[in-house]
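The structure appears right after this line, and notes come after that.
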Amino acid sequence: MGPEVTLLRPLWLLALPVLAGFGWWLYTRRGGLGDWQRATDPALLRAMQALGRVDNNASRAPLLAMLAAVALTVLALAGPAVERRDTLSFRNLDGVIFLVDASASVIEDARWPQMLTMGRFGLASLGTRPGGLIVFAGDAYIATDMTLDHLQLGQTLSLIDAQTVPDPGSRPERALMMASELLETAEIIAGDVILLTDGAGLGASSLQAAARISAQGARLSLVSLSQSDAAFATHAATGEGKVFTLDETDALADWLSESARTRLEAQNYPLLFWKDMGRYVLVLALFPLLTLFRRQVT
C-alpha cells in the first residue's frame, strides 16, 4: 500500500474549474490569429499570408502548455502532502517513560520474563519518540534518561534483576513523581507513562501522582503482572490510560503508536506528520513551459 496523500490547502482546487472554462474559451477561438483578423487590414493580411509570414493553422500547443503549467501550479498551492509517521518532530512533543517494578515480589515471579517482553514490545513501537526508564522498589531511580537510543534502553531493561534496586519494598508513587518531573524537564507535552507492576503499593499517594501526570497532558497506563484489580483500573482512569495484561503485547504497541499520534493531532499538531510535496509539483510545472522556448526552424 502506498503512502497516504492529503491536501493541506484544498480550497485552491476551486480555481481549476475557472481555469478550465477560461482555457476552453481560448482554445475554441477562431483560428490561430485571434483578434488580429479583425484588427488588421484584410489586404495587408492576405499579402503577409502570400509572403508566408502568417500561419492560419497555428499550433495550440503553447496554449495547452500554459494551461498545464497553471493547473500544476494550482495543484501545488493546494498542498499535496504525504504522511510521515517517523518524523523527528515527535522528539520535543511526545515521549514514553517506562516505570519497572523491580521489587522482590515481581522479580521472583515466574511471569517476570513475560513482563520484560511487554517492555520490549513497548520499546519497539516508539519509532522516533524518545524513551526513558525508571526502576523502583522501596525507592525510585532513573535508569535511563530520555533518549532516542532505543537499543541502549532495551539493553538496560534486560539487565534489571533483584540487585538493581537495593531498597526493599514497593513505592510506585515515588516512581510516578519522578516520571512527572522527567516529563517536565524534557518538555514533553503529550507523553505516555507505562507502569509495569504487580500492584503492590498502589494507593492514595500513587493516585495523586497519576492525577499530576494527567494534568501535564500525559497518560498513565499500567501493565499488570497478574490479574488486574480495582486499583489498576482506578489509576488508569485517573491517568487517562489503559490497563494491559501480559498477553496484550500488540494492544500495548498500538496504544503507544497509533493512539499517541491521534492524541497529538487532536492537540492541533497535524502538520508535524505531513510533508508538503507542493514544491515538487512546481518543478513539474516547469516542463510544459519549456516547450514554449523551442526554436522553430524554417
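For the stretch 100-133, how many residues are among the hydrophobic types (A, V, I, L, M, F, W, C), surrounded by fewer than 19 Cβ atoms within 10 Å (Cβ to Cβ) and not in a helix (DSSP H, G or I)? Within the stretch 100-133, residues that are among the hydrophobic types (A, V, I, L, M, F, W, C), surrounded by fewer than 19 Cβ atoms within 10 Å (Cβ to Cβ) and not in a helix (DSSP H, G or I) number 1.
Taking the conditions exactly as written (in the same structural domain as Gly95 (by TED's automatic domain parsing) and in a loop (DSSP other than H, G, I, E, B)), does Thr164 satisfy them or not? Yes.
Is it the case, given these coordinates, that Arg111 is basic (Lys, Arg), modelled with pLDDT of 90 or more and over 17 Å from Ser257 (Cα atoms)? Considered against the rule, which asks whether it is basic (Lys, Arg), modelled with pLDDT of 90 or more and over 17 Å from Ser257 (Cα atoms), Arg111 comes out as yes. Restricting Met146, Met115 to residues that are assigned by TED's automatic domain parsing to the domain that holds Val243, closer than 15 Å to Leu252 by Cβ and of a type outside the set (Gly, Ala, Ser) narrows the list to Met115. Any chance the stretch 34-47 includes a residue that's among the charged types (D, E, K, R), in a helix (DSSP H, G or I) and modelled with pLDDT under 70? The answer is yes; a qualifying residue exists. Just give me the residues in the stretch 177-192 being of a type outside the set (S, T, N, Q), farther than 14 Å from Ile134 by Cα and surrounded by fewer than 24 Cβ atoms within 10 Å (Cβ to Cβ), in sequence order. Result: Glu184, Ala186, Glu187, Ile189, Ala190. Between Arg212, Arg174, the distinction of being surrounded by 21 or more Cβ atoms within 10 Å (Cβ to Cβ) and assigned to a helix (DSSP H, G or I) belongs to Arg174 only. For Asp250, are the conditions met, namely being assigned by TED's automatic domain parsing to the domain that holds Leu99, acidic (Asp, Glu) and more than 17 Å from Ser103 (Cα to Cα)? Yes; evaluated as a whole, the condition is true for this residue. If only one of Ala253, Ala186 is among the small types (Gly, Ala, Ser), in contact with a strand residue (DSSP E or B) (Cβ under 8 Å, 6 or more places away or on another chain), within 22 Å of Leu123 (Cβ to Cβ) and in contact (Cβ under 8 Å) with a residue 24 or more places away in the chain, which one is it? Step by step, each of Ala253, Ala186 is checked, and only Ala186 is among the small types (Gly, Ala, Ser), in contact with a strand residue (DSSP E or B) (Cβ under 8 Å, 6 or more places away or on another chain), within 22 Å of Leu123 (Cβ to Cβ) and in contact (Cβ under 8 Å) with a residue 24 or more places away in the chain.
Might you check whether a residue that is on the phi > 0 side of the Ramachandran plot, assigned by TED's automatic domain parsing to the domain that holds Leu252 and not β-branched (Val, Ile, Thr) occurs anywhere in the stretch 129-141? Taking every residue of the stretch 129-141 in turn, none turns out to be on the phi > 0 side of the Ramachandran plot, assigned by TED's automatic domain parsing to the domain that holds Leu252 and not β-branched (Val, Ile, Thr). Against the criterion of being in contact with a helix residue (DSSP H, G or I) (Cβ under 7 Å, 6 or more places away or on another chain), modelled with pLDDT under 85 and part of a loop (DSSP other than H, G, I, E, B), Ala190 qualifies. Looking across the stretch 199-209, the residues that are surrounded by fewer than 18 Cβ atoms within 10 Å (Cβ to Cβ) and either in contact with a Phe, Trp or Tyr (Cβ under 8 Å, 6 or more places away or on another chain) or polar (S, T, N, Q) (or both) come down to Ser205, Gln208. Looking only at the stretch 220-243, decide whether some residue is assigned by TED's automatic domain parsing to the domain that holds Gly95, in contact (Cβ under 8 Å) with a residue 60 or more places away in the chain, more than 21 Å from Ala102 (Cβ to Cβ) and of a type in the set (Asp, Glu). Within the stretch 220-243, none of the residues are assigned by TED's automatic domain parsing to the domain that holds Gly95, in contact (Cβ under 8 Å) with a residue 60 or more places away in the chain, more than 21 Å from Ala102 (Cβ to Cβ) and of a type in the set (Asp, Glu).
The values are calculated or read from the model by the stated rules, or taken from the named source; none is laboratory data. Here the structure is a predicted model, which is why all the values come from computation and not from measurement. Cβ: placed from backbone, ideal geometry, glycine included. Neighbour counts: every protein chain shown.
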